[in-house]
Amino acid sequence: MHPMLTIAVRAARAAGQNIMRAYTELDRIEVSSKGINDFVTSVDKEAEATITYQIRKSYPDHTIVGEEKGENRGSNNDYVWIVDPLDGTNNFVRGIPHFAISIALQHKGKTEVAVVYDPVREELFTAVRGKGAKLNDFRLRVTNVNELTSTMIGTGFPFKARQHTETYIAIFGEVFGQCADLRRAGSAALDLAYVAAGRLDGFFEIGLKPWDIAAGDLICREAGGTVTDFTGNHNYMVSGNIVAGSPKVTTELVKIMRPLLNEGLKR
């Protein structure tokens with residue numbers, strides 16, 4: 001195993017143990033609001049501290065960017081770890097068993113290692129750039145479909161970017177009219193991993209952050225998927241607007257979206 005993947009897996013599993021202990025005592029968890037329908041818990045913060053500790057033990061000079069504590073700069077800026085300690089916090093606080101830990105390592109701006117860990121199902125999605133993607137010990141591959149009519153597409157509502165609601169609903173309606181079904185599960189990291197695993201044929205969402213998608217992006221691409229922004233370009237890590245799927249599905253989704261985009265989503 002790639003040595004940095006080993007550390008990422010160790011960190012994800014350690015954080016997963018913390019999260020699952022807390023999941024059995026949800027009434028004791030401290031929850032505060034960061035915005036409309038955007039929560040953070042004491043568990044998010046503890047899980048991020050656990051991940052940071054595990055990374056720092058092996059790589060004390062690396063930079064870590066986490067959802068909760070922002071940038072923890074090290075002396076070596078070539079290596080940057082991008083961490084979401086609990087993707088799907090809203091599910092977690094409601095007792096819905098669908099959330100994950102997301103950890104990605106970038107070297108000079110390129111994602112080299114990725115882990116998305118679902119501690120409820122003990123499913124470990126991993127990827128190393130150029131080496132493929134795996135679920136536990138099984139290699140992943142996106143689905144091989146040529147048209148949308150038989151596809152199941154994942155999405156997420158733009159609750160942090162409500163200025164795009166009208167456009168999103170228009171896109172949703174067009175996609176729903178052409179695919180077999182749509183799903184909104186509440187964890188972008190798992191949605192991308194599910195595309196890699198062939199559980200979903202495609203996925204799209206508006207207004208995500210780098211820690212939501214950095215790991216899932218590599219896992220999806222290493223499983224043969226294509227990842228773009230809503231215009232078919234590759235600015236999604238900056239814009240947060242992402243389309244992913246098997247190559248044909250991504251192309252078809254972008255084709256549907258382009259004529260519907262408002263000016264804010266064309267960037």
Distance histogram for region 50-109 (every C-alpha pair counted, 10 angstrom bins, percent rounded to whole numbers): 23, 47, 21, 9
DSSP-assigned coil residues among trypsin sites (Lys or Arg not before Pro) in region 44-114, each with at most 15 further Cβ atoms within 10 Å: Lys69, Arg73, Lys108
Taking the C-alpha atoms of the chain, convex hull volume expressed per residue in Å³: 116
Whole-number D in µm²/s for region 23-173 (Stokes-Einstein; Kirkwood sum over Cα pairs; 25 °C, 0.890 mPa s): 138
Carbon and sulfur %, accessible surface of region 149-196 computed with the full protein complex present, 1.4 Å: 55
Sorted largest first, extent of region 110-234 alpha carbons per principal axis (Å): 41, 32, 30
In nm, spacing of pseudo-spin labels at Glu166 and Gln178 (7 Å Cα→C-beta vector): 2.3
Number of Lys pairs (Cα under 22 Å; 8 or more positions apart or on different chains) in the chain: 24
For region 150-190, projected area of the alpha-carbon convex hull averaged over all directions, nm²: 3.0
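The values are calculated or read from the model by the stated rules, or taken from the named source; none is laboratory data. Values in this document were obtained by computation on a predicted structure and should not be read as measured data. Note that each Cβ is placed from the backbone with ideal geometry, even for glycine, and that neighbours are counted across all protein chains shown. Keep in mind that these areas ignore ligands, DNA and RNA; they rest on the heavy atoms of the full protein, side chains included. Shrake-Rupley method; radii C 1.70, N 1.55, O 1.52, S 1.80 Å.
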